[in-house]
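Visitor: Sharing a structure below in structure tokens format, with a few things to ask.
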Amino acid sequence: MTTRTPMQPLGLGHWKHPLLGHRVIDHAHDDRIGILRAIAPDTKVSTGLVIKVPDTPPVAWLAPVTGGVEWTTDPEAIEVAKE
């Protein structure tokens, strides 16, 4: 469902995506709408310092449109939301 382009590394485990900074629909979470903030691995660490890029697949990091706690989802589960 996502806009398909070759993923290009940006550094520190982050990847370029054409929808970064845009409103997207997360079909994996009941069509919740959020702002795509990053495509990067999830560290699965709630506290502590991350000193190397995790060797895990990247996930989409979304922030609620009105602010609040970010959540993650499969990058394949997102698509652009109509403004």
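Visitor: Pro57: net charge of surrounding residues, Cβ under 10 Å, Lys/Arg +1, Asp/Glu -1, itself excluded?
Guide: Value of the local net charge: -3.
Visitor: Please list, in order along the range 57-72, the HN-Hα scalar couplings obtained from phi with the Karplus expression 6.51 cos²θ - 1.76 cosθ + 1.60 (θ = phi - 60°), rounded to whole Hz, x for Gly and Pro.
Guide: Karplus-based 3J(HN,Hα) across the range 57-72 equals x, x, 10, 8, 9, 10, 10, x, 4, 8, x, x, 7, 5, 9, 10 Hz.
Visitor: Follow-up. Ala38's amide H: which non-local residues (gap 5+, or another chain) put their own amide H closer than 5 Å, with H modeled 1.01 Å from N in plane and none for Pro or chain starts?
Guide: Placed amide hydrogens put Trp61 under 5 Å from Ala38.
Just so you know, all these numbers are worked out from the coordinates, no wet-lab data involved. In this text, all values refer to a predicted model and were calculated from it rather than measured experimentally. Cβ sites come from the backbone with ideal geometry, for glycine too, and all protein chains shown count toward neighbours.
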